[in-house]
Each structure stands twice: as structure tokens, then as C-alpha cells.
Amino acid sequence: DTAVSQTPKYLVTQMGNDKSIKCEQNLGHDTMYWYKQDSKKFLKIMFSYNNKELIINETVPNRFSPKSPDKAHLNLHINSLELGDSAVYFCASSQDSGMEETQYFGPGTRLLVL
Amino acid sequence: QKEVEQDPGPLSVPEGAIVSLNCTYSNSAFQYFMWYRQYSRKGPELLMYTYSSGNKEDGRFTAQVDKSSKYISLFIRDSQPSDSATYLCAFYTGRRALTFGSGTRLQVQP
């Protein structure tokens, strides 16, 4: 059974379009995250949600909006896509232990903006 | 100065070699020190974590932390072709997010 799943795995779209990426975790975790991995493999936090509440919102354009309908899901909606948005987006989750954070990552969504 | 520095490689070694992977960091607030392994076209997976200076061993893997020098290492003994992946150091500050290094790509040649 997949612990953290993302759909779609690949997304090719035109500049200016709006797209969404979905994430689901079946681990019963309280905290979910979105990370962006650029072409140089640099993995950077974008958002963090704890029990449907936004905890971290790093310096990310307003075009990116996370939505958490329940604590098992965290979706990422991107408006007016730009060429620079091309990257791999990873969803992750962790248990809210307040201490060490063992984060479990999904397989990633490869976004290519043309 | 970047918060985390990690040599991107690629690092190519013969099967059976001892591999040494390293990261330096500048943020004194980092509390936990981790190594993630990422296979091609997959998500990162936690390999090892530690929170104190010293060594921690798990099978063929040893994680080493030197907080005074702000330096962490991962050693892989008897490296196998299946170890070929990108290794990411990661740090936790208690803000419910990880700060990652840029990753070192490792190739173990059979």
C-alpha cells in the first residue's frame, strides 16, 4: 500500500494555464508538506500544514495555493503557470511529535511548463 | 554563504569501496541531522538520523556529526551497485520543515 501518493506523476502544460496536483497520505500523520525540487536537485520547502492549518508558507508566489480538505490530503493549485515553475514537486507527511521529523515523501510530480 | 553546502558529485566508486559523503552547514539552530537517499525518479527516503555529535551506525551505514565544526558525514561500507543514488543531507530546526543540501550523486560500479 502506497504511504504517500501524488497525482498526476507527469504534467505537461502551457504557460498561463492553471493546474492542480493532489496528494494523499494513509499513514495517519498530522503534518503534510509541499517541496519543490529544481533541475539542480535542490529540494526546498514551500508549504507545511498541520491538521489542516497552514504552518509554513515560505517565499512562494501567490500563484501557488495549497488546500487541505482534511488531514490526509494536501493539494497544490498553481495559477498562471510560468516557465520557471517547471520542476518536480514532492508531497511529504510526518507525525506531529514536536521533536524529530521523519518525513515520508511521495513519488513526485514532474511539471513541465512550455 | 549558503546555509548548507554539499558537493554535487558525481562520485563514482568500484563495488566494495568505502564511500564518504559530507555536508557543512552554517545554521546553529539545526537540531537534527539526517541523510536521505533518492533513487532516480523517486521521492527521498530517510536513511539515517541523529541529534548529537558522534557516530551512529546502522548496518553498512555510519552517520557522523561534528557540531563544533558544523560538519556531518555519511559513510557507506562495502558499497553495492544498489547504493547508486543521490544522497541528501537534511537538517531540522523545529519549524516543521527540513532544510536539504543539494545532494551528492553516487555511482557504484560493479
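Enumerate the strands (runs of 3 or more DSSP E) found wholly within the range A:3-114, keeping only those where 1 or more residues are aliphatic (A, V, I, L, M).
Counting at least 1 such residues, we get A:4-7, A:10-13, A:19-25, A:31-37, A:43-50, A:53-57, A:73-78, A:87-94, A:109-113.
Which residues, taken from the range A:34-44, are more than 7 Å from chain B (Cβ to nearest Cβ) and aromatic (Phe, Trp, Tyr)?
Once the filter is applied, which keeps residues that are more than 7 Å from chain B (Cβ to nearest Cβ) and aromatic (Phe, Trp, Tyr), the range A:34-44 yields A:34, A:35.
Tell me, which residue of the range B:84-110 that is in a strand (DSSP E or B) and hydroxyl-bearing (Ser, Thr, Tyr) is farthest from residue A:49 (Cα to Cα)?
Filtering first and then ranking leaves B:104.
Scan A:47, A:64 and give me the residue that is open to solvent by less than 50 Å² (accessible area, probe 1.4 Å), over 18 Å from residue B:38 (Cβ atoms), within 14 Å of another protein chain (Cβ to nearest Cβ) and of a type outside the set (Gly, Ala, Ser).
A:47
Let's see how each residue does on (1) surrounded by 16 or more Cβ atoms within 10 Å (Cβ to Cβ); (2) touching a Lys or Arg at 6+ places or on another chain (Cβ under 7 Å); (3) farther than 26 Å from residue B:92 by Cβ; (4) modelled with pLDDT under 90:
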| residue | (1), (2), (3), (4) |
| --- | --- |
| A:37 | yes, no, no, no |
| A:42 | yes, no, no, yes |
| A:52 | no, yes, no, yes |
| A:59 | no, no, no, yes |
| A:76 | yes, no, no, no |
| A:91 | yes, no, no, no |
| A:104 | yes, no, no, no |
| A:107 | yes, yes, no, no |
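Just checking, how many residues over the range B:27-79 are touching a residue at least 12 places away in the same chain (Cβ under 8 Å), under 21 Å from residue B:105 (Cβ atoms) and not aromatic (Phe, Trp, Tyr)?
Residues that pass the stated criteria total 18.
Would the range B:7-18 turn up any residue that is hydrophobic (A, V, I, L, M, F, W, C) and within 11 Å of the chain's Cα centre (by Cα)?
Within the range B:7-18, not a single residue is hydrophobic (A, V, I, L, M, F, W, C) and within 11 Å of the chain's Cα centre (by Cα).
Just checking, which of B:104, B:62 is out of contact with any helix residue (DSSP H, G or I) (no Cβ under 9 Å at 6 or more places or on another chain), within 14 Å of chain A (Cβ to nearest Cβ) and open to solvent by less than 50 Å² (accessible area, probe 1.4 Å)?
Unique residue meeting the criteria: B:104.
Is there a residue being modelled with pLDDT under 95, of a type outside the set (A, V, I, L, M, F, W, C) and either in a loop (DSSP other than H, G, I, E, B) or within 26 Å of residue A:36 (Cβ to Cβ) (or both) anywhere in the range B:52-63?
The answer is yes; a qualifying residue exists.
Given the criterion open to solvent by 50 Å² or more (accessible area, probe 1.4 Å) and at the interface with another protein chain (Cβ under 8 Å from one of its Cβ atoms), identify the matching residue among B:92, B:39, B:49.
B:49
The values are calculated or read from the model by the stated rules, or taken from the named source; none is laboratory data. Because the structure is a prediction, the values reported are computed rather than measured. All Cβ positions, even for glycine, are placed from backbone atoms using ideal geometry, and neighbour counts span all protein chains on display. Calculation scope for accessible area: heavy atoms of the full protein, side chains included, ligands and nucleic acids excluded. Shrake-Rupley method; radii C 1.70, N 1.55, O 1.52, S 1.80 Å.
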